[in-house]
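So the structure is just underneath, and the comments pick up after that.
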Amino acid sequence: MILLIKNFFIFLLIFFLSSVVYSNAFQLKQIASGLGVPWSMVFISNDEILFTERKGRAGVLNIQSGKFNYLTGTPEVMASGQGGLLDAAKAPEYEEGDWIYFTYSKAIQDQGATTLARAHIDERVLKDWQDLIITDSKTDTSVHYGSRIAFDDKGHVYFSIGDRGVRSNAQDLNSHAGSILRLNLDGSTPEDNPFVGRSDVLPQIWSYGHRNPQGLVWDNENKRLWSIEHGPRGGDEINLIKEGKNYGWPTISYGKEYWGPVSVGEGTHKKGMEQPVKVYVPSIAPGSLLYYTGDAFKDWQGSLFSGALKLRHINRITLDEQGRATAEERLFENLNERIRALLQSSEGWIYFSTDSGKIYVIKPK
């Protein structure tokens, strides 16, 4: 009993000291509340964030006043389970009035398919909506849509699609499900995609063998594409995405079946299948991914950040020059929020949204 009390006070001391360190480094401020589930955020001007809500609404938040307005012109979405209006992103050379890219779950004969689209914002209206690709990923499940967007520095857009609740999809190259796609900005297929010219593979596929990647980010400093994906019971993964590679799901996995203590697949390794950079056991349930490049927090430069849904924190991974994960830090656990989207501002501040309908900003103190 004495040992338990002693350990408890040691825990309180460590927690207090860590809180003091954090409070000296940065401050956390809530700037909005009362939203739905803000699935994604993107700056459309210095003071305005476009956000999407999973149930199908999009709005614009003024970060100075905290006021927001909803837009008209959003598409009809299949807002069921994990589906709905999902990611929103802009290309690197974006200027006000350019295309904004979206992913959403589209109903196709009562089945849902992850879809990449784009539109312009005119006042409070989404105009010129274009579905760039309705992926071959439809199923009658309501899970594992993906679906994050990233842009490289050569005019390509990448977006992720989960296995749509059908595990075998991730190894089926005649399906887009369980893969990361690479397109030109107009939705056409780049001629140098790894499977172009093969009749047995869909040409948009860049990588495959993914379960449900809900984080995707381009590291422009090192010209690398990163993803983070949900494992089953354990086995969330951070992966360095390479052209044409197979990431193994469901043949290999670090997770267990939901129905019992049984490993998924044939094991954790198999020839011809990539290994993750980082594995989480137990699962944190990642909801996003950010590669931090800002000047506001020098110690965080070059780190990967993910929002955690199940374990309710912001997860920071330190990388070395070779892209290996060398350390992990868990921030804001005491906030007890399912953290969904992450966004870096031009000042290097970090904005994040929660499933309870709030948006926060992390600033230097």
Fill in the blank from the handout: Picked from region 146-163 (must be open to solvent by less than 30 Å² (accessible area, probe 1.4 Å) and in a loop (DSSP other than H, G, I, E, B)), the residue farthest from residue 117 (Cα to Cα) is 163
Completion exercise
Residue pairs within 6 Å by beta carbon, gap of at least six or interchain, first lying in region 212-239 and of a type in the set (Asp, Glu), second at pLDDT below 95 and buried (at least 24 other Cβ atoms within 10 Å of the Cβ), listed first then second, are none
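Give me a count of the residues in region 61-120 that are of a type in the set (A, V, I, L, M, F, W, C) and in contact with a Phe, Trp or Tyr (Cβ under 6 Å, 6 or more places away or on another chain).
10
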Fill in the blank from the handout: Condition set in a strand (DSSP E or B) and of a type outside the set (Lys, Arg), scope region 251-271, selection nearest to the chain's Cα centre (by Cα): answer is 252
Handout entry: Some residue of region 176-191 being open to solvent by less than 10 Å² (accessible area, probe 1.4 Å), touching a Lys or Arg at 6+ places or on another chain (Cβ under 8 Å) and either over 30 Å from residue 265 (Cβ atoms) or among the aromatic types (Phe, Trp, Tyr) (or both)
Key = yes
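Could you name every one of the strands (runs of 3 or more DSSP E) located completely within region 297-365 that has at least 2 residues being of a type in the set (A, V, I, L, M, F, W, C) and surrounded by fewer than 20 Cβ atoms within 10 Å (Cβ to Cβ)? Talk me through it step by step, then tell me what you get.
Values: elements: 304-308, 313-319, 325-331, 339-344, 350-354, 359-364.
Counting at least 2 such residues, we get 325-331.
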Practice task
Could you check, for region 233-247, whether at least one of its residues is over 24 Å from residue 293 (Cβ atoms), touching a Lys or Arg at 6+ places or on another chain (Cβ under 6 Å) and open to solvent by 30 Å² or more (accessible area, probe 1.4 Å)?
Solution key: yes
Problem - Complete set of residues in region 175-219 that are touching a helix residue (DSSP H, G or I) at 6+ places or on another chain (Cβ under 7 Å) and not aliphatic (A, V, I, L, M) - result: 175, 178, 208, 209, 210, 211
Problem - Complete set of residues in region 107-119 that are more than 19 Å from residue 49 (Cβ to Cβ) and more than 19 Å from the chain's Cα centre (by Cα) - result: 107, 108, 109, 110, 111, 112
Fill in the blank from the handout: residue 274 fails exactly one of (1) part of a loop (DSSP other than H, G, I, E, B); (2) more than 22 Å from residue 147 (Cα to Cα); (3) of a type in the set (Asp, Glu), namely (2)
Practice task
Kindly indicate whether any position in region 272-280 is under 18 Å from the mean Cα position of the chain (by Cα) and hydrophobic (A, V, I, L, M, F, W, C).
Solution key: yes
Practice task
Identify the single condition in (1) surrounded by 18 or more Cβ atoms within 10 Å (Cβ to Cβ); (2) of a type in the set (Val, Ile, Thr); (3) part of a loop (DSSP other than H, G, I, E, B) that residue 143 does not satisfy, given that it satisfies every other one.
Solution key: (1)
Exercise for the section: Answer with yes or no whether residue 239 is of a type in the set (S, T, N, Q), touching a helix residue (DSSP H, G or I) at 6+ places or on another chain (Cβ under 9 Å) and within 20 Å of residue 181 (Cβ to Cβ). Expected result: no
Completion exercise
Within region 77-93, the count of residues that are under 17 Å from residue 120 (Cα atoms) and without any contact (Cβ under 8 Å) to a residue 40 or more places away in the chain comes to 1
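Within the group 331, 290, which residue is under 25 Å from residue 244 (Cα atoms) and of a type in the set (A, V, I, L, M, F, W, C)?
Going through 331, 290 in turn, the sole match is 290.
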Fill in the blank from the handout: Residues in region 164-175 that are among the aliphatic types (A, V, I, L, M) and buried (at least 21 other Cβ atoms within 10 Å of the Cβ) total 1
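The values are calculated or read from the model by the stated rules, or taken from the named source; none is laboratory data. What you see is a predicted model, and the numbers here were worked out from it, not measured in a lab. Note: ideal-geometry Cβ built from the backbone for every residue, glycine included; neighbour counts use all protein chains shown. Keep in mind that these areas ignore ligands, DNA and RNA; they rest on the heavy atoms of the full protein, side chains included. Shrake-Rupley method; radii C 1.70, N 1.55, O 1.52, S 1.80 Å.
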